[in-house]
Amino acid sequence: MKTTKTVQGKIDPLNFLQLSIFDLPVQDTPTKLRYPNPKKAQKFRDLADRMQSQIDNKLNPAIGQQRPTRRRARIAASMREDGEKLALIQAWLYAMADALDEGTLPRILSDISTKTQLSDLADFRDPKWRDDSIKRGLAVDGWARSLLRANLGTVSSVRKAILVLEELHQAPVIDPKVKQIAEIERSLIGAKIPGYFPTPKPICEQMVKLAILQPGMRVWEPSGGKGDIASAIKEAADVNLEVCELNYNLRELLKLKGFNVIVSDCFDITTSYDRILMNPPFVKGSEINHIRYAFDRLVDGGRLVAIVPESIEFRKDKKYREFREWLEDKCIINDPLPQGSFLNSDRSTGVNTRILVLER
């Protein structure tokens, strides 16, 4: 232990001062501003407020409401990604404003003054930006000018700023499975799979209402497609749902979505169900084969809801005449759907359709 030198039995004040300073324990460098800045806080809130309409337009693009095509789907998806990025920047602005009001804004963020700087940091959040990539990015004129003004001109400072921003506001984590499903569904828009015409949501909801589902029922969807009818079923009631789908890619998508895909070919099913909801393929009268086979899978008192082409009402060949006769004592509802009901399908068609409800 050090001792102080004395002069004539007294403590040397200079030496004592040196000891009292240099023997103190080392403290971490403060990382937060210790004074509020309400003016800058209000500036950030105003910036964030003004972003709202742009965010709304990006997250709900008008093109996404138009008849689906692959090109429109790609544009809409890109706009939604932009909207998610803007929403993150907005959340950072609000979080920084709160910290500025409290005087607790981390020092690494103290020189950020513009939305553009936060936008650049949001870009660098992407895992594809490794350290060497960020270093090259910082040499690009636009990024260099923007981030240097915020004293964020190095890879380490950029990394630290992003980390601190995420501590202020944790961005929602997007499940990779959800992203994968969305990408697969976009790739299916307009895909020419035989008999595949996805059921628009309003029709799915109508089918579910007509099915009168009850919890615990065994329910079957014989031609699952990408899961539109199956999703409506699961949202409507806690039932035991089983799905079939012949196409491999669609079947794998259904599994990815968590549906219980029991077999590929619906004609291999021999078990019975309380409810069956279906949009069978309209290929050379195959809808008739599907409906008749499915009806035989109903329990007594069971109900089947099916989408069929308008042609079942007027085709004069033997198969259709016999089908109309067969329906007579089984069909309790046989209503036309509005013209163009499938124009907004992911595989658009102008074929007019009907909805049937059969009871066993």
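The numbers here are math on the coordinates, done by the rules we state, and not lab data. Given the structure is predicted, the values throughout are model-derived calculations rather than measurements. Cβ sites come from the backbone with ideal geometry, for glycine too, and all protein chains shown count toward neighbours.
Farthest toward the positive end of the dipole of the chain, out of LEU327, ILE89, ILE288, is the Cα of ILE89, where the dipole comes from beta carbon charges about the Cα centre. Overall, the anisotropy analysis places the stretch 191-359 in the rounded class: the square-rooted eigenvalues a ≥ b ≥ c of its C-alpha gyration tensor yield a/c less than 1.5.
For the chain, adding -39500 (n - 2.57) for each run of n ≥ 4 DSSP H residues and dividing by the number of residues yields -14500 deg cm²/dmol at 222 nm. In this structure the amide hydrogen of VAL263, modeled in the peptide plane, comes within under 5 Å of the amide hydrogens of GLU245, none closer than 5 places in sequence on its chain. Ordering of 67-73, 350-356 by packing is 350-356, 67-73, highest average first (other Cβ atoms within 10 Å, averaged per residue).
Label sites at GLN52 and GLN214, each approximated as a point 7 angstrom past Cα along Cα to Cβ, lie 4.7 nm apart. Close amide H pairs (under 5 Å, H built 1.01 Å from N) link LEU152 with no residue at least 5 positions away or on another chain. Kindly identify the stretch 132-205 as rounded, prolate or oblate by the Cα gyration tensor criterion: order the square roots of the eigenvalues as a ≥ b ≥ c, call it rounded if a/c is under 1.5, otherwise compare a/b with b/c, prolate if a/b is larger, else oblate. Verdict is prolate for the stretch 132-205.
Sorting the segments 226-232, 201-207, 175-181 by their residues' average number of neighbouring beta-carbon atoms within 10 angstrom, most packed first, yields 226-232, 201-207, 175-181.
As a proxy for reagent exposure, CYS331, CYS244 were ordered by neighbouring Cβ count within 10 angstrom, fewest first; the result is CYS331, CYS244.
With a simple spin-label model that places each label point 7 Å from the Cα along the Cα-to-Cβ direction, the separation between GLN180 and ARG72 comes to 2.9 nm. Mind pulling the angle between the C-alpha long axis of helix 286-295 and the longest principal axis of the chain? Nearest 10 degrees, somewhere in 0 to 90. Result, in degrees: 90.
Quick one: compute a quarter of the convex hull surface over the Cα atoms of the stretch 277-360 and quote it in nm². Computing the convex hull of the Cα atoms and averaging its projections yields 5.4 nm². Rounded to the nearest Å, what's the spacing between the alpha carbon centres of the stretch 205-237 and the stretch 290-360? Just the number, please. After rounding, the separation between the Cα centres reads 17 Å. Per-residue 3J(HN,Hα) values for the stretch 225-237, derived from phi via the Karplus relation 6.51 cos²θ - 1.76 cosθ + 1.60 with θ = phi - 60°, read x, 9, x, 5, 5, 4, 5, 5, 4, 5, 6, 7, 7 Hz in sequence order (x marks Gly and Pro). The alpha carbon radius of gyration of the chain, expressed as a multiple of 2.2 N^0.38 Å, is 1.57. Let me know the shape class of the stretch 38-176, please: from the alpha-carbon gyration tensor, a ≥ b ≥ c as square roots of the eigenvalues, rounded when a/c is under 1.5, otherwise prolate if a/b is greater than b/c, or oblate. Taking the square roots of the gyration eigenvalues as a ≥ b ≥ c, the stretch 38-176 is oblate.
Between 0 and 90 degrees, the angle of helix 201-211 with respect to the longest Cα principal axis of the chain falls at about 60 degrees. What's the angle, to the nearest 10 degrees (0 to 90), between helix 38-50's Cα axis and the longest principal axis of the chain? That helix lies at roughly 20 degrees to the long axis.
Dimensions of the stretch 202-265 along the principal axes, based on C-alpha atoms and rounded to the nearest Å, stand at 30, 24, 18, largest first. Relative to the Cα centre, the charge distribution of the stretch 38-176, modelled as +1 at Lys and Arg Cβ and -1 at Asp and Glu Cβ, gives a dipole magnitude of about 600 debye.
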